[in-house]
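Everything on this sheet refers to the single structure shown next.
The values are calculated or read from the model by the stated rules, or taken from the named source; none is laboratory data. Given the structure is predicted, the values throughout are model-derived calculations rather than measurements. With ideal geometry, Cβ positions are generated from the backbone for all residues, glycine too; neighbour counts draw on all protein chains shown.
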Amino acid sequence: MKILIAGGFGVGKTTAVGAVSEIAPLSTEEYLTEAGTAVDSLEGVEAKQTTTVAFDFGRITFHDAPVPVELLLFGTPGQDRFVNIWYDLARGAVGAVVLADTRRLEKSFTALSFFEHVGLPFVVALNQFEGAYRYHPDEVREALDLAAHVPVVTCDAREADHVASVLLTLVGHAVKDTSRARARTTAPTSLQDA
């Protein structure tokens, strides 16, 4: 199953893929340069020195499931100027994790809008940065104006168990979302069809 891990610049996507991958993750991290300062704001992530320029790739297998499940993880680049790459990465994906930093929640809007637009099921994972205020998931749901069926969970992107739990939440949500979509398309469209 192909899964995207998306979100704004510096929210922890590369870290999440690296934390949970059972293989050495492929990373397309490059150093930030002076030339990028005009387009890549470091506000809130001033210590950041690298950025993903294509995608990150990792893999995790859940052997304890009734049927072993292998997830192929694709971490997206975070800057809005790379959103066109997301269309290619989303092709064939079953769902996405939108990783969010509550100190810069507005950086989540591009990813949320994208997945709503393409109709890909997603969950929101609040990366618990040290020193950041811990908002309740319901507060974040309201701030992001998310539908009630979209899961909002917390995690530490550095911890494999946390990331694995988020991925399992996404898979469960994607299965429910697919069932919900199937029910909508087979439901009567008029009283005559009922």
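Results, tabulated for the structure shown:
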{"item": "Selected residue (only one of Gly75, Gly36 is over 22 Å from Val171 (Cβ atoms) and either small (Gly, Ala, Ser) or modelled with pLDDT of 95 or more (or both))", "result": "Gly36"}
{"item": "Selection status of Val98, in contact with a Phe, Trp or Tyr (Cβ under 6 Å, 6 or more places away or on another chain), touching a residue at least 12 places away in the same chain (Cβ under 8 Å) and in a strand (DSSP E or B)", "result": "yes"}
{"item": "Segment 118-142 - residue that is within 15 Å of the chain's Cα centre (by Cα) and in a loop (DSSP other than H, G, I, E, B) and, of those, nearest to Leu89 (Cα to Cα)", "result": "Leu120"}
{"item": "Residue that is surrounded by the most Cβ atoms within 10 Å (Cβ to Cβ), among those in segment 105-117 that are more than 23 Å from His162 (Cα to Cα) and in contact with a strand residue (DSSP E or B) (Cβ under 9 Å, 6 or more places away or on another chain)", "result": "Phe114"}
{"item": "Pair list, Cβ under 9 Å, 6 or more apart: segment 77-94 residue under 11 Å from Phe115 (Cβ atoms), other residue in a loop (DSSP other than H, G, I, E, B)", "result": "Trp86/Thr76; Trp86/Pro77; Ala90/Thr76; Ala90/Leu120; Ala93/Met1; Ala93/Leu120"}
{"item": "Residue count for segment 44-72, restricted to those that are part of a loop (DSSP other than H, G, I, E, B), of a type outside the set (A, V, I, L, M, F, W, C) and modelled with pLDDT of 60 or more", "result": "4"}
